[in-house]
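These notes concern the structure reproduced below.
Derivation of every value follows stated rules applied to the coordinates shown; laboratory data play no part. All values derive from a computational prediction rather than experimental measurement. Note: ideal-geometry Cβ built from the backbone for every residue, glycine included; neighbour counts use all protein chains shown.
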Ligand SMILES: Cc1cc2nc3c(=O)[nH]c(=O)nc-3n(C[C@H](O)[C@H](O)[C@H](O)COP(=O)(O)OP(=O)(O)OC[C@H]3O[C@@H](n4cnc5c(N)ncnc54)[C@H](O)[C@@H]3O)c2cc1C
């Protein structure tokens, strides 16, 4: 008789974990949403699955690429050389290749040389763990000086995660290394990430795994997992429980010991707003646009059409507007139509004729763990039969589909090793 493993959440980490365990265990995935995918989910619009947030895959995302190949979808990967561009005073400056540095007007020659040196250093330095006790702002100020730190990295930090002084250079330097190694190599899965999710979930179901949607776990006590599905309260007895939900949510529904709860509560999340927009107007011919000066209600805009020219439903451009912020931020609390109107009003500063043909706005409460200074990954196993998966276990890796899939695999391998 196979033991029962209940996985809470149906995002990518859960699917990667279930895929490895399903031969050996009776696996049940409980997902509260009506579709699988979590942060990587898509919505169906005019015959197309469109991701709720921008969704690129980089050449360094080895685990994601492995899954794509395993499920025979590699021919659907469209690779593009794209740039990250910074906007100063309504001018757009790509900054991905070394030659971009020389054309980067916001900096004089001394800063340009410093930036070149930093680029080379980050390219060569893969392991930043020796600098885990050093704050990002202090290290950068020493390496590239105050001007670059303030004009570029401080603003970039505000747009992406908060302040530079609140994170270590171990984490930030790992990000810079990834970007410099990956350079401009980005791809999009043209059949949609939804297709990869479908392929993995079909595999799990063919091997006897169960996947329940609209199944919100409301309580875990003594290995009894209680969930609500179609207004019905159901309880499953689990031999093992694997949680992929943000730790704060697990704390709220479980009977974990207080010391474990306190450790998990230390992990805070940033929220995000993502708005997909279809439009006939070109805002920027660069893929990744970060707005440095002046700042707008959105931190950046991805021109999805640069990565995937067929991305629109009717030949239009598709953009992803995004803002990372705290849940308590007033802007996050605004009604969706007000956020949408503000985004569109602001974008007219750079594209005066801009008109949205259609929009889809999503508020994401748990968008990314906040990898604060001295962040510690929680362990794989937090109690006798309770295990963790998810991006919050993968510091200093970035929160990507890659780190989610990898974390699911790692915990599954841990459980299989324990059982041997
Ligand atoms: C704005 C944004 C843009 C991104 N862009 C990219 C990108 O371009 N490329 C890339 O590789 N990655 C990107 N990512 C990151 C990537 O999407 C995530 O790292 C990954 O999908 C996280 O997977 P996960 O399984 O760890 O967590 P999640 O996807 O958060 O999965 C957790 C699941 O648990 C479910 N759940 C929560 N509570 C309960 C409950 N009580 N009962 C049952 N189910 C529950 C949730 O509904 C969710 O489905 C982006 C993320 C964001 C926020």
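For residue 314 and residue 206, FRET efficiency with R0 = 51 Å and r from the beta-carbon atoms, rounded to 0.05?
That gives a FRET efficiency of 0.90.
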Q | 222 nm mean residue ellipticity, helices alone, for the chain (DSSP H n ≥ 4; -39,500 (n - 2.57); rounded to 500) | A | -10000 deg cm²/dmol
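For residue 385 and residue 226, calculate 0.36 nm times their separation in residues minus their Cα-Cα distance, and state this gained length in nm to one decimal.
55.6 nm
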Q) Could you give the Stokes-Einstein D for the stretch 242-385 in µm² per second, using the C-alpha Kirkwood radius, 25 °C, 0.890 mPa s? A) 140 µm²/s
Q. In µm²/s, what is D for the chain at 37 °C and 0.692 mPa s, where D = kT/(6 pi eta Rh) by Stokes-Einstein and Rh is the Kirkwood radius from Cα pairs?
A. 145 µm²/s
Q.
Give me 1, 275, 116 sorted ascending by neighbouring Cβ count inside 10 Å, so fewest comes first.
A. 1, 116, 275
(Q) Report the Cα centroid-to-centroid distance between the stretch 297-331 and the stretch 82-157 in angstrom, as an integer. (A) 24 Å
Q: Go through 211-224, 8-21 and give me the packing order, highest mean Cβ count within 10 Å leading.
A: 8-21, 211-224
Q: For an R0 of 35 angstrom, estimate the FRET efficiency from the Cβ-Cβ distance between residue 255 and residue 35 and round to the nearest 0.05.
A: 0.75
Q) How many angstrom separate the Cα center of the stretch 237-277 from the Cα center of the stretch 348-420? A) 11 Å
Q.
Please compute the modelled spin-label separation between residue 338 and residue 374, points set 7 Å along Cα→Cβ, answer in nm with one decimal.
A. 3.9 nm
Q: Please pull out the direction-averaged projected area of the stretch 97-182, using the convex hull of its alpha-carbon atoms, in nm² to one decimal place.
A: 5.2 nm²
Q. With each pseudo-label sitting 7 Å past Cα toward Cβ, what's the residue 213-residue 326 distance in nm, one decimal?
A. 3.6 nm
Q | Packing rank of 392-398, 99-105, where each peptide gets the mean count of other beta carbons within 10 Å, highest leading | A | 392-398, 99-105
(Q) Nearest 5 percent is fine: what portion of the DSSP beta bridges confined to the chain is antiparallel? (A) 70 percent
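Where does the stretch 161-213 land on Rg(C-alpha)/(2.2 N^0.38 Å)?
For the stretch 161-213, the normalised Cα radius of gyration is 1.86.
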Q. In the stretch 145-189, which residues have a backbone nitrogen under 14 Å from the label point lying 7 Å from residue 79's Cα in the Cα-to-Cβ direction?
A. 182-189
**Q.** Per-peptide average of other Cβ atoms within 10 Å, ordering 412-419, 321-328 highest first
**A.** 321-328, 412-419
Q | Per-residue Cβ neighbour rank within 10 angstrom, fewest leading, 243, 279, 165, 180 | A | 165, 180, 279, 243
